[in-house]
1. Out of A:Leu24, A:Leu58, which single residue is assigned to a helix (DSSP H, G or I), surrounded by 12 or more Cβ atoms within 10 Å (Cβ to Cβ) and more than 12 Å from chain B (Cβ to nearest Cβ)?
2. Give the residues of the stretch B:112-143 that are surrounded by 12 or more Cβ atoms within 10 Å (Cβ to Cβ) and in a helix (DSSP H, G or I), sorted by residue number.
3. Which of the residues spanning the stretch A:24-70 are farther than 20 Å from A:Ile110 by Cβ and within 11 Å of the chain's Cα centre (by Cα)?
4. On the basis of being within 30 Å of B:Glu222 (Cβ to Cβ), within 14 Å of another protein chain (Cβ to nearest Cβ) and in contact with a strand residue (DSSP E or B) (Cβ under 6 Å, 6 or more places away or on another chain), does A:Arg5 make the cut?
5. Mind telling me which of the residues A:Tyr44, A:Tyr69 ends up being touching a residue at least 40 places away in the same chain (Cβ under 8 Å), among the aromatic types (Phe, Trp, Tyr) and assigned to a helix (DSSP H, G or I)?
6. Can you spot a residue in the stretch B:161-177 that is touching a helix residue (DSSP H, G or I) at 6+ places or on another chain (Cβ under 9 Å), farther than 30 Å from A:His16 by Cα, away from every other protein chain (no Cβ under 14 Å) and assigned to a helix (DSSP H, G or I)?
7. What single numbered condition from (1) within 14 Å of chain B (Cβ to nearest Cβ); (2) under 30 Å from B:Phe93 (Cα atoms) fails to hold for A:Phe82?
8. Looking only at residues in the stretch B:215-232 that are within 20 Å of B:Lys143 (Cα to Cα) and either assigned to a helix (DSSP H, G or I) or more than 11 Å from chain A (Cβ to nearest Cβ) (or both), which one is nearest to the chain's Cα centre (by Cα)?
Amino acid sequence: MSIYRGGIGQWSWTFHRLTGVGVLLFLLVHILDTALIMMGPHWYNKIIRFYRTPLFGLMEIALFAAVLYHALNGVRIIVIDFRPETTVHYKKMFFIQMALFALIFIPVCIIMLGHIAQGLHP
Amino acid sequence: MEVTFQLLRFDPLKDRQPHWETYRVELEPTDRVLDGLEAIKGQMDGTLAYRRSCAHGVCGSDAMIINGRNRLACKALVKNMKEPIRIEPMRGFKVLKDFVVDMGPFFEKYRAVKPYLIEKEARPQKERLQSQEERERFDDTTKCILCGACTTSCPSFWFNAGYVGPAAIVQAHRFIFDSRDGGAEERLSVLNNQEGVWRCRTVFNCVEACPRGINVTRAIGEVKKVIAKGGR
């Protein structure tokens, strides 16, 4: 059996699922790490120190990309659900979505990379 | 020209798992993939099993995965296909032999949406009149040939065989939006549940797979909207 060669819709749906699960996993981890404060400052400060490493800075950029993609794709799906007649333009809508993604992601990514480079990562 | 085919063969009497077999046949570039299958079955291996009937894109018998995508073998020209031409049975149904799948569950769901006119008023003496605009409303979904290409291209259906599927929803749409029909409520109650229209994730594989060019996702969206609004 081979991978089904669906179009744009199949891959946008796959990424929607992946980014959704990814963001959910992050939220679970985030709830756990903030809960560490209940065990006192030692473990909490330790995890916060890790959050300030460049590696986590890069992971934060990936997190931002996942949230942004999931949000924009979600809006596209909502538009299609409320206005089924827009389905005739679904490819165009996806390209507009990705253009918006690039427009927002690239400058934010540059700012976040700048923070990492300058060691200003909060 | 010599054309190479790779076919995912499965004989339940001999094989535990499906396996790929390669065949080379002489074809014209203007021949269809179905002509290639006919040549293989006729000249090389008579045990090859697939469905075909009209061979002209009308009966919907020969839908299969050709080079990774659902297509009708009788509408796919060899010259437009990348070689080797890889053929698999449609996904999500039980494979009976080679490319013959059990369409039983597919037609059960088709019947579940009551794909026939349900009279809403006393039968008129002559024909039931309908304006051009009223007919236009469901024109797209009258084109369905029940090949199953849409339903078996849908990831929601692959992961949940209970999903009523795009083809049955298209059939329901054809009657729900017909001004002469009075059975919309009955059909909408079949579609307004977990295994109904709400399983559609607007993946659009159905739109790309439909050999008749039906905007299946739009039809499903319109049915969703009618349910959300509480009626036609």
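Just so you know, all these numbers are worked out from the coordinates, no wet-lab data involved. Nothing here was measured: the structure is a model prediction, and the numbers come from that model. With ideal geometry, Cβ positions are generated from the backbone for all residues, glycine too; neighbour counts draw on all protein chains shown.
1. Numbers: A:Leu24 fails: surrounded by 12 or more Cβ atoms within 10 Å (Cβ to Cβ).
On inspection, the qualifying residue turns out to be A:Leu58.
2. B:Ala112, B:Glu134, B:Arg135, B:Asp140, B:Thr141, B:Thr142, B:Lys143
3. A:Leu24, A:Phe26, A:His70
4. Numbers: within 30 Å of B:Glu222 (Cβ to Cβ): yes; within 14 Å of another protein chain (Cβ to nearest Cβ): yes; in contact with a strand residue (DSSP E or B) (Cβ under 6 Å, 6 or more places away or on another chain): yes.
The answer is yes for A:Arg5.
5. Details: A:Tyr44 fails: touching a residue at least 40 places away in the same chain (Cβ under 8 Å).
It is A:Tyr69.
6. Within the stretch B:161-177, the subset touching a helix residue (DSSP H, G or I) at 6+ places or on another chain (Cβ under 9 Å) is B:161-177.
Still in the list and also farther than 30 Å from A:His16 by Cα: B:174-177.
Filter once more, keeping what is away from every other protein chain (no Cβ under 14 Å): B:174-175.
Still in the list and also assigned to a helix (DSSP H, G or I): B:174-175.
Checked against the condition, which is being touching a helix residue (DSSP H, G or I) at 6+ places or on another chain (Cβ under 9 Å), farther than 30 Å from A:His16 by Cα, away from every other protein chain (no Cβ under 14 Å) and assigned to a helix (DSSP H, G or I), the stretch B:161-177 yields at least one hit.
7. (2)
8. Here is the first cut: in the stretch B:215-232, the ones within 20 Å of B:Lys143 (Cα to Cα) are B:215-223.
In the following step, the residues that additionally are either assigned to a helix (DSSP H, G or I) or more than 11 Å from chain A (Cβ to nearest Cβ) (or both) were identified as B:216-223.
On the way: B:Val216: 11, B:Thr217: 14, B:Arg218: 16, B:Ala219: 15, B:Ile220: 15, B:Gly221: 18, B:Glu222: 19, B:Val223: 19 Å.
Per the stated criteria, the residue is B:Val216.
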